[in-house]
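Trainee: This is the structure I want to talk about, given as structure tokens.
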């Protein structure tokens, strides 16, 4: 049983998970995107591009570009509202991101990965270690 627990703690991240996590970290490597995520998470509600532009004091096209990238990795949800879109922080990502960082750094056993997907696909794997059997 000790070997099973040790093996779980030393399992490597598969290529697909590594690519997903790298995209997450890359998305947050830009200070403007970090500010936008912070704004949306703090607001706790959907915001229009205009509201976000006013809050971060950056041009509309730049904000739209950053929102597109954040939506592609699943950090924000974009909901159509007439001819515009409303953006809201994906709360599952808020919970999943620290777990992903711990997995990458080897502080947690790799279970099934941590998911933070765009739109209706968003879900999170259970980050708690499972009991070793037989």
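The values are calculated or read from the model by the stated rules, or taken from the named source; none is laboratory data. Worth saying up front: this structure is predicted, and the values here are computed from it rather than measured. Reconstructed Cβ throughout: ideal geometry from the backbone, glycine too, with neighbour counts over all protein chains shown.
Trainee: So which residues in the range 50-73 are over 17 Å from residue 90 (Cβ atoms) and part of a helix (DSSP H, G or I)?
Mentor: Hits for the range 50-73 are 50, 51, 53, 54, 55, 56, 60, 61, 62, 63, 64, 65.
Trainee: Kindly check whether there is at least one residue in the range 88-103 that is at pLDDT 95 or above and in contact with a strand residue (DSSP E or B) (Cβ under 6 Å, 6 or more places away or on another chain). Before you say what the answer is, go through the steps one by one.
Mentor: First, the residues of the range 88-103 that are at pLDDT 95 or above: 88.
Narrowing the set further to residues that are in contact with a strand residue (DSSP E or B) (Cβ under 6 Å, 6 or more places away or on another chain) leaves 88.
Yes: one or more hits.
Trainee: Could you please find all residues in the range 87-108 being part of a strand (DSSP E or B) and crowded, with 18+ Cβ neighbours inside 10 Å? Reasoning before the result, please.
Mentor: Taking the range 87-108 first, the residues part of a strand (DSSP E or B) are 87-89.
Residues satisfying the conditions are 87, 89.
Trainee: Check the range 3-13 and report whether any residue there is modelled with pLDDT of 75 or more, surrounded by fewer than 12 Cβ atoms within 10 Å (Cβ to Cβ) and within 30 Å of residue 62 (Cβ to Cβ).
Mentor: So far as the range 3-13 goes, no, none of its residues is modelled with pLDDT of 75 or more, surrounded by fewer than 12 Cβ atoms within 10 Å (Cβ to Cβ) and within 30 Å of residue 62 (Cβ to Cβ).
Trainee: Among the residues of the range 30-49, write down those that are in a helix (DSSP H, G or I) and farther than 24 Å from residue 20 by Cα.
Mentor: 42, 43, 49
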